[in-house]
Amino acid sequence: MEVATRNQLRLIILVLLAFFPAILLYRYASTNLREHEALQHRQELVQIAQVTAVEYQRLLEEGRHLLGALGEFPEIRDAQRPECEHRLASVLRHNPEYTTLSLIGMDGYLACGSLTVDGGLYLGDRAYYRLATVNNQYSVGDYALGRITGKPTVGVAYPIADDGGEVDMVLAAAVDLSALGTNAETMLLPEGTTFSVVDRGGTVLVRVPAGKHPLGYDTVGASAPEGFLEAPSQMSSPYTTVATDLDGVDRVFAVAPLQGSGNLAAGFIAVGREEATLMAEVDSVAKRELQFLAIALVGVLILAWAFGHYALVRTVTVAEE
């Protein structure tokens with residue numbers, strides 16, 4: 001009987017010793033699961049920023065093809081009013097991602113457009129116009145509020161050459177940046193997520209706030225305060241960082257540069273979530289997975305105990321016989 005008791009004590013000690021590495025495994029798994037889940041949540045933010053940046057690039061590329069095709073119409077090349085205005089207005093109705101389509105003369109004034117105003121409208125100071133005339137190629141301008149629509153836009157321009165190869169007209173389109181915010185909202189942003197589009201000069205172009213804030217930074221056209229993200233000068237891969245958001249709240253951000261002229265970044269997209277909220281979700285997922293792991297470990301230990309106890313009883317029974 002004493003031998004059986006000693007054997008049983010040995011079995012208990014063996015089970016406890018077997019349980020110790022299980023505790024170490026649990027701690028290791030806990031740390032790795034949290035890191036994995038945190039990385040997954042950050043990647044979700046990166047994906048939102050990346051998808052929007054790709055959508056922006058798509059709009060720019062479509063602008064190139066749209067303006068190139070429009071430049072082949074006789075009424076456009078000859079600026080024949082009202083045929084030119086009718087053509088541009090008709091095309092704009094089928095392309096709601098742009099706010100205006102314009103034909104600009106070499107004097108910088110609007111020759112004809114999908115939208116017109118009384119009197120002359122000077123557009124020769126716009127970056128897209130200057131770049132297109134100087135470089136003689138499709139060009140992307142800077143952020144600007146539309147002079148007719150008042151909407152936040154980025155202008156793109158396509159030079160039209162005469163028979164001698166000299167640029168004598170510039171076709172331009174204004175990309176509606178508010179569409180990027182609309183697209184972001186339709187992606188069902190996680191609760192508490194902010195979405196911002198900022199140009200290279202630090203001006204807020206589009207903003208989907210987590211909530212209203214008395215500082216007033218959640219408005220289009222405002223300048224981003226110090227402490228917010230620095231605009232990348234070159235195109236690069238999306239990345240994550242921690243910074244103070246436009247509403248003064250510290251958040252984890254996914255940042256994706258926006259394509260400008262050449263390899264220069266025209267600005268960036270920033271998708272942010274509060275780190276506490278993000279980590280709370282991480283802990284919730286990790287806790288659930290670790291509970292399953294703990295149940296499995298306990299189950300294994302119970303089976304080990306039961307098997308060992310059965311073996312012990314069997315050994316004692318054989319010894320008594």
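The values are calculated or read from the model by the stated rules, or taken from the named source; none is laboratory data. Quantities reported herein were computed from a predicted structural model and do not represent experimental measurements. No Cβ is skipped: glycine too gets one built from the backbone with ideal geometry, and neighbour counts run over all protein chains shown. Note: accessible area is taken over every heavy atom of the protein model, side chains too, but ligands, DNA and RNA are not part of it. Shrake-Rupley method; radii C 1.70, N 1.55, O 1.52, S 1.80 Å.
Evaluated against (1) at pLDDT 85 or above; (2) within 17 Å of Gly68 (Cβ to Cβ), Val134 falls short on exactly one condition, (2).
All conditions but one from (1) in contact with a Pro (Cβ under 9 Å, 6 or more places away or on another chain); (2) crowded, with 22+ Cβ neighbours inside 10 Å apply to Tyr138; the one that does not is (2).
Could you tell me which residue of the range 112-126 is nearest to the chain's Cα centre (by Cα), considering only residues that are outside any strand (DSSP E or B) and surrounded by fewer than 18 Cβ atoms within 10 Å (Cβ to Cβ)? Explain how you work it out, then say what you get.
First pass over the range 112-126, keeping only residues outside any strand (DSSP E or B): 114-121, 123-126.
From what's left, surrounded by fewer than 18 Cβ atoms within 10 Å (Cβ to Cβ): 116-121, 124-125.
Details: Thr116: 35, Val117: 36, Asp118: 40, Gly119: 41, Gly120: 39, Leu121: 36, Gly124: 33, Asp125: 31 Å.
Taking the candidates together, the pick is Asp125.
Cβ-Cβ below 6 Å, separation at least six or inter-chain, first residue in the range 125-146 and more than 17 Å from Val198 (Cβ to Cβ), second part of a helix (DSSP H, G or I): which pairs? Close Cβ pairs satisfying both conditions: Tyr138/Arg64; Ser139/Tyr128; Ser139/Leu131; Ser139/Ala132.
Is it true that some residue in the range 92-111 is out of contact with any His (no Cβ under 8 Å at 6 or more places or on another chain) and part of a helix (DSSP H, G or I)? Yes, there is a match, as at least one residue in the range 92-111 is out of contact with any His (no Cβ under 8 Å at 6 or more places or on another chain) and part of a helix (DSSP H, G or I).
The single condition among (1) assigned to a strand (DSSP E or B); (2) modelled with pLDDT of 80 or more that Ala265 does not satisfy is (2). Within the bounds of the range 96-108, is there any residue that is closer than 30 Å to Asn183 by Cβ, crowded, with 18+ Cβ neighbours inside 10 Å and without any contact (Cβ under 8 Å) to a residue 60 or more places away in the chain? No - not one qualifying residue is present in the range 96-108. Just give me the residues in the range 168-180 being part of a strand (DSSP E or B) and either open to solvent by 30 Å² or more (accessible area, probe 1.4 Å) or of a type outside the set (A, V, I, L, M) (or both), in sequence order. Hits for the range 168-180 are Asp168, Met169, Asp176. Between Val91, Val51, Val46, Val15, the distinction of being at pLDDT below 80 and open to solvent by less than 90 Å² (accessible area, probe 1.4 Å) belongs to Val15 only. Residue count for the range 54-87, restricted to those that are part of a helix (DSSP H, G or I) and more than 32 Å from the chain's Cα centre (by Cα): 9.
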